[in-house]
1. Rg over Rh of the stretch 54-252, using C-alpha atoms and the Kirkwood radius, what does it come to?
2. Report Rg(Cα)/(2.2 N^0.38 Å) for the stretch 167-243, keeping two decimals.
3. What GluC sites (Glu not before Pro) in the stretch 198-236 are in a loop by DSSP, with at most 15 other Cβ atoms within 10 Å of the Cβ?
4. Full extension from residue 129 to residue 146: what is 0.36 nm times the residue separation minus their Cα-Cα distance, to one decimal in nm?
5. Only Lys, Arg, Asp and Glu count, each charged at its Cβ (+1, +1, -1, -1), so figure out the dipole size of the stretch 54-252 about its Cα centre, rounded to 20 debye.
6. How do the peptides 95-107, 171-183 rank, highest first, by the average count of neighbouring beta carbon atoms within 10 Å per residue?
7. Considering only 248, 197, 102, whose Cα is most displaced toward the positive end of the charge dipole of the stretch 54-252, charges sitting on Cβ of Lys, Arg (+1) and Asp, Glu (-1)?
Amino acid sequence: MRFTIPLLLLALFLGFAQCNSPKKEDNTNDSSKTNMTDSSQTSNHSKEHKGSGHQDHNEANKHMHKRSFEDLVKSFESEDRAKWQKPDEVIKKLGDLKDKTVMDIGSGTGYFSFKLAAQGAKVIAADVNDKFQDYITQRKEKEKLNDEQLVTRKVPYDAPNLQVEEADHVIIVDTYHHVENRIDYFKKVLAGLKPGGKLLVVDFKKEETPHGPPQKMRLTAEEVKKELTEAGFTNIVIDTELLPYQYTVLAGK
């Protein structure tokens, strides 16, 4: 019994020393922990923003990146597109465009940008992709358009890079489902519109169609209306009849 207390004290001392001894740094483990933390935060962030574009943005862009640039150009500029996209009918929803500044978000090859310019608009062709911006610049030179008629603007995924009240109208075709954190994004679009300005959204119906992204990436017109209302837009009008595979949502400032 007389050895019990000293042995117990020795055990406690050794345990205390082990818990408080300095650990060797392991950069690999630290890096892994950091990556796991970032991954977890990203995952939680996606869940928090579900319905506001974060997950849809990632999935939609993975879908886009599966196709080559040349294939995308061929698809965007297909003669068949005019039959179901009806660009002239869509553009009419913005009214008289003579001398109006119009931003085309997600301009791609400029399919709508050049048609808007032909209607007398001063077009800002906005896209995140350098290759598309270069494509538009080359076509602009070929068609002998000046900067008063059309300019390109490289934009990030999370902002339209519009100055306050810079644009009379904004159009976004087949791109709404790509936008990350849509409510915040379209608050910025709203700020960039002049009083009385309009936003025209064209995107694919949430049903099986011959064209467009996988159905799980799509939104209904009512979902778009709800998000734009939260962003501050008013007088929102949905049209599901004009186009066979798409709807239009026209919203005002």
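1. Numbers: Rg = 15.5 Å, Rh = 16.8 Å.
That ratio is 0.92, to two decimals.
2. Values: Rg = 12.5 Å, N = 77, 2.2 N^0.38 = 11.5 Å.
In units of the globular-protein estimate, the stretch 167-243 measures up at 1.09.
3. Numbers: sites: 207, 208, 222, 223, 227, 230; in loops: 207, 208.
The qualifying sites are 207, 208.
4. On the way: separation 17, 0.36 × 17 = 6.12 nm, distance 2.15 nm.
Working it through step by step, the gained length comes to 4.0 nm.
5. Numbers: 31 positive and 35 negative charges, 24 e Å.
Roughly 120 debye for the stretch 54-252.
6. On the way: 95-107: 20.2, 171-183: 22.3.
Going from most to least packed, we get 171-183, 95-107.
7. Selected residue: 102.
None of the figures in this text is laboratory data; all of them are computed from the coordinates on show. Because the structure is predicted, anything quoted here is derived from the model rather than measured. All Cβ positions, even for glycine, are placed from backbone atoms using ideal geometry, and neighbour counts span all protein chains on display.
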